[in-house]
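Every read-out reported here was derived from the displayed coordinates using simple, explicitly stated rules and does not represent laboratory data. Just so it is clear, the structure is predicted and the values come from calculations on it, not from any experiment. Here the Cβ is made from the backbone with ideal geometry for all residues, glycine too, and neighbour counts use every protein chain on show.
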């Protein structure tokens, strides 16, 4: 049989982790990038690269995929690392594309999960526990704050200027409605579940072609960028059987196949876990999964070729650390240097896994570090210029 290989539609940290995880599993890897400055482009494991347009279509993929099929003499496994890439692969699957393995949900499911309104309505009908959700910002009347307002799809991030916005009062909510009066149907809102960052949980999972949970890695967040409502910047691996079962329920509701990143938040008062979202793609921290013993890239590959895969129990109390990102987020959140230093020192007793730095593949971290330093200097310069003016 032809040796398995993977084709990764890379994007940022997600793609870099996937490329490293594929190499860790001994899989030959082809990386599809939408920019020469993508982190995966600096990795020594990204040996076979193809450059796509900034906003590729399925037709942009087909010539490359056809060529790889001929070169390799058989199908590879296509993996998405961004919402847009997941949509592209969903389109290929729905169109009947068959040259490569597509271990992912159908386009209808991807469309549901890439639209927050459709996703939450679907989950509520399936009996999944959600925070109180407001689907019509023009007419709904929230009676409790704060609220987190989310764009319905990733395409509205540019409209909002962020992945979400928090409003703390009726006055702020009314101001938001005035500001976006012509486009309120492009947002939804939810009550914010109480609790600090360590109440946020992430499950990076793979469902096989029989819709069974074949891999599951769980961690709790200790920090995000931006603080409290952003992506993971600091985390600890902690297994959680209740969340494994919750993931199985989510997979059942969606009739899901492929990789996913499923998020929950624990209410410290009731100890209930509330569903936050499912991303129909590889999770950003998939390199963390691999270093803790659960390689979701390998799980996807084995599922695509209809082979079983068994992982040992995940390594717990390992720390994932995006140092620059986490530090900047905490300083922007006005945390004291003393409290930040105390937190960081307390984590030194645990094994640490860098979000970017890996001694066998150091260049992406050096590039990211240099970019972060330049950004910090730029921000400082702007503040000094503004104060002097």
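Å³ per residue of the Cα convex hull, for the chain? Display every interim value, and only then the final one.
On the way: hull volume 61.9 nm³, N = 389.
About 159 Å³ per residue, rounded to a whole number.
Give, to the nearest whole percent, the P(r) tail of the stretch 200-265 beyond 18 angstrom, counting all Cα pairs. Percent of Cα pairs beyond 18 Å in the stretch 200-265: 36. Cβ-Cβ distance of residue 3 and residue 122, R₀ of 56 Å, FRET efficiency by 1/(1 + (r/R0)^6): the value works out to about 0.90.
Looking at the chain, the DSSP beta bridges with both ends there are about 70 percent antiparallel. Computed from the C-beta positions of residue 333 and residue 153, the FRET efficiency with R₀ = 30 Å rounds to 0.65. Using equal-weight Cα scatterers in the Debye expression, the normalised intensity of the stretch 281-389 in log10 at q = 0.22 Å⁻¹ is -1.28.
In the calculated pair-distance distribution of the stretch 198-237, the portion above 10 angstrom amounts to 70 percent of the Cα-Cα pairs.
Averaging Cα coordinates gives a centre for the stretch 267-283 and one for the stretch 32-97; these two points are 30 Å apart. Is the C-alpha gyration tensor of the stretch 67-190 telling us rounded, prolate or oblate? Criteria: a/c under 1.5 is rounded; beyond that, a/b larger than b/c is prolate, otherwise oblate. Note, shape of the stretch 67-190 comes out prolate. The stretch between residue 136 and residue 385, if pulled fully straight at 0.36 nm per residue, gains 85.4 nm over its current Cα-Cα span. Taking all Cα pairs closer than 8 Å and separated by 6 or more residues, the relative contact order of the stretch 197-354 comes to 26 percent. So, in nm, how far is label residue 350 from label residue 172 when the simple model puts each one 7 Å beyond its Cα toward the Cβ? With each label point 7 Å from Cα toward Cβ, the separation is 2.9 nm.
Averaging the sequence gap over all C-alpha pairs within less than 8 Å and six or more residues apart, then dividing by the number of residues, gives the chain a relative contact order of 16 percent. Here r is the Cβ-Cβ distance between residue 58 and residue 28 and R0 is 35 Å; the resulting FRET efficiency, rounded to 0.05, is 0.90. Could you work out the percent of alpha carbon pairs in the stretch 132-191 separated by over 16 Å, rounded to a whole number? In whole percent, the long-distance tail amounts to 33. Projecting the alpha carbon convex hull of the stretch 5-106 along each direction and taking the average yields 5.8 nm². What residue among 324, 288, 338 shows peak mean-square fluctuation when the chain is described by a Gaussian network model with Cα springs under 10 Å? Top of the fluctuation ranking is 338. Net length available on complete extension from residue 252 to residue 71 is 61.4 nm, with 0.36 nm assigned per residue and the Cα-Cα distance removed.
Size check on the stretch 267-319: the Cα extents along the three principal axes, sorted descending, read 44, 25, 19 Å.
Tell me, what is the percent relative contact order of the stretch 1-118, built from C-alpha pairs under 8 Å that lie six or more residues apart?
24 percent
Label-to-label distance, residue 210 versus residue 241, with points set 7 angstrom from Cα along the beta-carbon direction: 2.3 nm. Over all pairs of different C-alpha atoms, the stretch 197-354 has a mean inverse distance whose reciprocal, the Kirkwood radius, equals 16.1 Å. For the stretch 61-110, the square roots a ≥ b ≥ c of the C-alpha gyration tensor eigenvalues yield an a/c of 1.5 or more together with a/b exceeding b/c, which makes the shape prolate.
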